[in-house]
1. What is segment 146-203 by shape, rounded, prolate or oblate, if you read a ≥ b ≥ c off the alpha carbon gyration tensor as root eigenvalues and call it rounded for a/c under 1.5, prolate for a/b larger than b/c, and oblate otherwise?
2. Keeping every protein chain present and rolling a 1.4 Å probe, give me the accessible area per residue for segment 147-201 in Å².
3. How large a share of the accessible area of segment 46-161, in percent, is made up of carbon and sulfur atoms when the probe is 1.4 Å and the other protein chains stay in place?
4. Per residue of segment 62-76, what does 6.51 cos²θ - 1.76 cosθ + 1.60 with θ = phi - 60° give for ³J(HN,Hα)? Whole Hz please, x for Gly and Pro, Karplus curve as stated.
5. Non-local amide H neighbours of I199 (under 5 Å, H modeled in plane, Pro and chain starts lacking H): which ones?
6. Convert 10 °C to kelvin, take the viscosity as 1.306 mPa s, use the Kirkwood radius over C-alpha pairs of segment 93-203 as Rh, and evaluate the Stokes-Einstein diffusion coefficient in µm²/s, rounded to a whole number.
7. R158 versus D67, label points 7 Å from Cα toward the beta carbon: distance in nm?
8. Rounded, prolate or oblate: which fits segment 54-121 when a ≥ b ≥ c are the square roots of the eigenvalues of the alpha-carbon gyration tensor, with rounded for a/c under 1.5 and prolate only if a/b beats b/c?
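The values are calculated or read from the model by the stated rules, or taken from the named source; none is laboratory data. These numbers were taken from a predicted model, which means no experiment stands behind them. Note that each Cβ is placed from the backbone with ideal geometry, even for glycine, and that neighbours are counted across all protein chains shown. Calculation scope for accessible area: heavy atoms of the full protein, side chains included, ligands and nucleic acids excluded. Shrake-Rupley method; radii C 1.70, N 1.55, O 1.52, S 1.80 Å.
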Amino acid sequence: MNLHAKITRPYRRVLIPCLSLLMLAATAASGGAAAAPLRASAAVEDGQRDFDWEIGAWHTTVRVLADPLSGSADEWLHFEGTSVVRRLLDRRANVVELTVSGPDGRIEGLNLRLYEPQAGRWSLTFVNLRDGLLTPSVYGRFHDAVGEFYGDDQLGGRAIKVRFLIFRQGPDRARFEQAFSDDGGVTWETNWIAVDTRIDNGS
């Protein structure tokens, strides 16, 4: 479920989450302020409107681990810009567009989210803008105001698991984290952290 970054240092393989990196998130996975309810209405219990709160434009700051699961000393790349979330298909889908830049280059990302009513879950699929291909999706749902999404991918020819988390901190701030595991999910290494603050609610 990772999204490869388009940066000016081509020897680096930066894998990006979602925009959801892509967009917003709120409290860190390790803790933070209590998250606000995600659903727009208590009458809606099937999860179809779980992302309603995110529609609109956001200012985003992004940190990306340069070489995930490499065993080398951590080197974080820093970016800043905007992410815009637009609803599709009567809220059964939405798309996130991310544009950020920094000393290490520029990242342009696209994340398509689709709701599966039969399974009661969302799929998040990212576009690799370096080659125009879709990356493997991650799947999941929200529980107690935290979105958890998991999937499988490859990194450097080896199989890995991908975890994408979404947290909220009030109506106008959110945090996203992506992590990889190469031991079947026993341990995770976070490689993408995005913190968003609202610019416009898209109304």
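1. prolate
2. 42
3. On the way: 2740 of 5520 Å².
That share works out to 50 percent.
4. Listing the rounded values in order: 10, 10, 10, 6, 5, 10, x, 6, 9, x, 7, 4, 5, 10, 9 Hz.
5. Amide H neighbours of I199: A57, W58, H59.
6. Details: Rh = 15.4 Å.
In µm²/s, the coefficient rounds to 103.
7. Roughly 1.3 nm, to one decimal.
8. Values: a/c = 3.80, a/b = 1.70, b/c = 2.23.
In terms of gyration-tensor shape, oblate.
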